Amino acid sequence: TQLLEQSPQFLSIQEGENLTVYCNSSSVFSSLQWYRQEPGEGPVLLVTVVTGGEVKKLKRLTFQFGDARKDSSLHITAAQPGDTGLYLCAGEDAGNNRKLIWGLGTSLAVNP
Amino acid sequence: DAGITQSPRHKVTETGTPVTLRCHQTENHRYMYWYRQDPGHGLRLIHYSYGVKDTDKGEVSDGYSVSRSKTEDFLLTLESATSSQTSVYFCAISVGGLPYEQYFGPGTRLTVT
């Protein structure tokens, strides 16, 4: 059974701080996707990483895919209250009818 | 905007009653999914579809059935609702080729009393 473990589960920080969220597995994925979900809404895709070692930046958010394509991290620089939400990672197992393996999420609260 | 709508957005029903949730997409994508989201369990796949009348079970399919008679509509039915099916239900579509990214609807909050 493929699993994705996210850590930490909860994070409460002050505006302006930096943070890193981790997504780890013992399985290899063909891609790793990060989503953000706000209360009362569906998850929204932030980024997809495909190549081992790949780094993608989205403004203050930096996403990295591990060299072995088993893990990923999300780093937020100078967090803002608007970054508050649930961050989910999902791994793609190529050929599995496009089904994704989901982590349980990291709930981030950025306090003004 | 992936053009996904879900109806109803909120529903309260009694134990033992049948309930149907609807997911509608406007762009004729082949792959559609139903998830439920619960605290401590994350997103769990209920059923998915890979074409009209082509569906398969996910990891938590017991007590649920689905139908897809048109490309744009994917229906989730709870034949006899139970309190354990109180949850937020999300529909998603998969777009394009590799990587298989998913785009979600706004969700339906279902309460079974």
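The values are calculated or read from the model by the stated rules, or taken from the named source; none is laboratory data. On a predicted model such as this, the values are computed, not experimentally measured, just so you know. Counting neighbours? That spans all protein chains shown, and the Cβs are built from the backbone with ideal geometry, glycine included. For the accessible areas, the whole protein counts, side chains as well, though only heavy atoms, and no ligand, DNA or RNA atoms are used. Shrake-Rupley method; radii C 1.70, N 1.55, O 1.52, S 1.80 Å.
If a residue has to be open to solvent by 40 Å² or more (accessible area, probe 1.4 Å) and within 8 Å of chain A (Cβ to nearest Cβ) to count, how many in region B:84-99 make the cut? Outline the logic, then answer.
Filtering region B:84-99 for residues open to solvent by 40 Å² or more (accessible area, probe 1.4 Å) gives B:84, B:86, B:95-98.
Still in the running and within 8 Å of chain A (Cβ to nearest Cβ): B:98.
So the answer is 1.
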Flag for A:Asp67 being in contact with a Cys (Cβ under 7 Å, 6 or more places away or on another chain) and either more than 14 Å from chain B (Cβ to nearest Cβ) or open to solvent by 60 Å² or more (accessible area, probe 1.4 Å) (or both): no
Single residue of A:Thr20, A:Thr48 found to be closer than 26 Å to B:Gln6 by Cβ and either of a type in the set (Ser, Thr, Tyr) or loosely packed, with under 13 Cβ neighbours inside 10 Å (or both): A:Thr48
Return the residue satisfying two criteria in turn: it lies in region A:77-112 and is farther than 17 Å from A:Val44 by Cα and within 16 Å of the chain's Cα centre (by Cα), and of such residues it is most open to solvent (accessible area, probe 1.4 Å). A:Thr77
Number of positions in region A:23-45 that are surrounded by fewer than 16 Cβ atoms within 10 Å (Cβ to Cβ) and assigned to a loop (DSSP other than H, G, I, E, B): 8
Matching residues in region B:10-48 - criterion: being more than 16 Å from the chain's Cα centre (by Cα), within 14 Å of B:Gln85 (Cα to Cα) and within 13 Å of chain A (Cβ to nearest Cβ): B:Pro39, B:His41
